[in-house]
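Remarks on the structure that follows.
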Amino acid sequence: MSRSETILQVRGLRTEFLSRSGRWFPVVNEVDLHVSAGETLAVVGESGCGKSMLAYSIMRLLPKRIARNAGGQVLLRDRDLLALDEPQMRAVRGKDISMVFQEPMTSLNPLMTVGRQIMESVIEHEPGSAGSAHQRVVDLMNLVGIPEPEVRFHQYPHHLSGGMRQRIVIAIALACRPQVLIADEPTTALDVTIQAQVLELIDRLKRELGMGVILITHDLGVVAEWSQRVMVMYAGRKVEEADAETFFTAPTHPYSRALLASVPRPDMSVDGDFAPLNEIHGTVPPLDRLGGGCAFAERCSRGDVSCTASTPPLQPLDSCLVACFKAGAVDPLPTGTVHAPAIA
């Protein structure tokens, strides 16, 4: 498999939720993305920007009573996942495309041993004897760095540390060697040392298995260390996409620049005292109350009347894609480096 080969391509994806008033509104709005073999695409933005909704839309895990697909394609190779019926999608989900969820304790069944939970995924997609499935699970636990896998196989989630539980969740996601792995905040609630170990594990397995990875995170230090490309979301839309180096050295969207400016840096001091952190004033607008124009306009230092008149289209600028009428005018970024957690 070529590393440049596109595995997953999302075109114009639009997902809508049903409001209490009975009106449908977009939570993922005309989003395009692609992921290649051996590549990590980081999806960043504040809470409420639509990152997790994008992941659940791709995986088709949103409840049908309140969510619907309103357009677009999700092409895994050349197969449109949105065109599959539910039995067909169940055969793909967990086998060809898998997801690591945010909090392992809510992802794992507290009443089942961790080995049995991994085995369920193996048996579902690759039916075989219980004996061979058991050995496959032990091998998977070894692969993700679980010590004494034969012993851990029979333990329950509460017997394991947070880092071990997260490794079990990753083992479940990798049980059938998927082509694409979506990792939604995979290091939430883990200490810095375990965070680094989990991220190194995902990166190593990505290279060994030739997967494409979509990494959803708030942590720009993690993005700087582990991703090749960065996609910025705001209010359900993609507002910027660039390779990682360009994103951190020359971001073009005001929101991207504001995110980077708000990251604490070692040099943030004035006469030996810590300087106040930069902040983005205001909050992400509720997605069911969005009006016309740029959703970031009210929080943007460059926003004016023209920004609220129409929605800026996503268009190429230098080596990135950006949705901003004022993208050509740049403010200086604070100096300093965004650091990822070190591996102990």
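Any read-out appearing in this document is the output of simple, stated calculations on the displayed coordinates, not a laboratory observation. The structure displayed is predicted, hence computed values, not measured ones. Ideal geometry is used to build each Cβ from the backbone, glycine not excepted, and the neighbour counts take in all protein chains shown.
Miscellaneous remarks
- Considering only alpha-carbon pairs that sit under 8 angstrom and 6 or more positions apart, the relative contact order computed for the chain is 21 percent.
- Degrees separating the helix 130-143 axis from the principal Cα axis of the chain, which is the longest one: 40 degrees
- Prolate/oblate/rounded call for segment 9-88, Cα gyration tensor, a/c under 1.5 rounded: oblate
- Spacing of the modelled spin labels on residue 61 and residue 265, each 7 Å from Cα toward Cβ, amounts to 3.6 nm.
- Remark: 56, 156 ranked as 156, 56, counting other beta-carbon atoms within 10 Å and listing the fewest first.
- Computed from label points 7 Å out along Cα-Cβ, the spacing between residue 11 and residue 83 is 1.0 nm.
- Between residue 18 and residue 142, the distance separating the two model label sites (each 7 Å from Cα on the Cα→Cβ line) works out to 5.0 nm.
- Karplus (6.51, -1.76, 1.60) ³J(HN,Hα), θ = phi - 60°, over segment 197-206, in Hz, Gly and Pro reported as x: 5, 5, 5, 5, 4, 4, 5, 5, 5, 4
- Dipole of the chain [Lys/Arg +1, Asp/Glu -1 at C-beta], most positive-end residue of 242, 111, 146: 111
- Highest mean packing first, where packing is the average number of other Cβ atoms within 10 Å per residue, the peptides 20-27, 137-144, 298-305 line up as 137-144, 298-305, 20-27.
- Distant-in-sequence amide H partners of residue 28 (H built 1.01 Å from N, under 5 Å): 15
- Note, ³J(HN,Hα) from phi for segment 67-79, Karplus 6.51, -1.76, 1.60, rounded to Hz, x at Gly and Pro: 9, 8, 7, 10, x, x, 9, 10, 9, 9, 6, 10, 9
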